[in-house]
Amino acid sequence: MKIFKVGDTQKAVCSNCHSLQTATFKLRDVPFSDGSGVVKNVLVGVCDSCSEVCLLPHQSTPMVHKQLEAQRKSLETRLPAHLLDVLNLAAAEVGGSPEFVSCLMKYYIHKLATNRDIARTLPERLGNPLALGKADKRLSLKGRRVIEELEAVKQAAHMANTTDVIKCVILIINEDVLLKKAPVQLRELESIVSAVA
């Protein structure tokens, strides 16, 4: 692997100029394309023609990765063991392993954050006997949007307690995947399993 220094040059295809240009390596603050953050003071190739970033050398990828990881916020909650069993069974039902549980939860949280009508039905699920039990297991979810989307679900459902919302999400998963075996949901989840496996 070649290590580049500030001031080195290399030919690169510039997506802004739509042509092959000379790029000079410089230290720059580079925003993520989705606007979710900025990697500060990282070595990049800058097009000599338009001054836009057109190259990210391999040596700079650890800095980008570090910034992405810093954006992944963690959501921690304690639940009754049988609710984690429900998640593991649901993951297996769609062809996933226990590692798919996190994706399954984030999928449903996103679904509820974007469909407030369903989110409003969450409080009625707290009467389900499965919502009860000693919270002796931990569920950890990490993602760049999971906390923000969970807050949207809490607002739509008029629920303040994060653990209660997570319990209700698991009960919806139980209904869709294990009890009703909703064909649309199963197909979507099986596609996600195929994509991340």
> Mind checking which lysines have their C-alpha under 26 Å from Lys40, skipping anything on the same chain fewer than 8 residues away?
Replying inline: Lys2, Lys5, Lys11, Lys26, Lys66, Lys73, Lys142
> Can you list the lysines whose alpha carbon sits under 24 Å from that of Lys181, skipping same-chain ones fewer than 8 residues off?
Replying inline: Lys106, Lys111, Lys167
> With r defined as the distance between the Cβ atoms of His58 and His158 and R0 fixed at 35 Å, what FRET efficiency is calculated, to the nearest 0.05?
Replying inline: 0.10
> Stretched out fully, how many nm does the piece from Thr114 to Lys66 gain, at 0.36 nm a residue minus the Cα gap?
Replying inline: 14.4 nm
>> Helix-only mean residue ellipticity at 222 nm, the chain, DSSP H runs n ≥ 4 weighted -39,500 (n - 2.57), per residue, nearest 500. What is it?
In response: -12500 deg cm²/dmol
> Per-residue HN-Hα couplings for region 83-96, Karplus 6.51 cos²θ - 1.76 cosθ + 1.60 at θ = phi - 60°, whole Hz, x for Gly and Pro?
Replying inline: 6, 5, 4, 4, 5, 5, 5, 5, 4, 5, 4, 9, x, x
> At what distance in nm do the modelled label points of Lys2 and Leu20 sit from each other, each positioned 7 Å from its Cα along Cα→Cβ?
Replying inline: 1.4 nm
> Compactness ratio of region 73-196: Cα Rg over 2.2 N^0.38 Å, N = residue count?
Replying inline: 0.96
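Coordinate-derived values only; no laboratory data. Every value quoted in this text rests on a predicted model; they were computed, and no experiment measured them. Here Cβ is always computed from backbone atoms with ideal geometry, including for glycine, and neighbour counts include all displayed protein chains.
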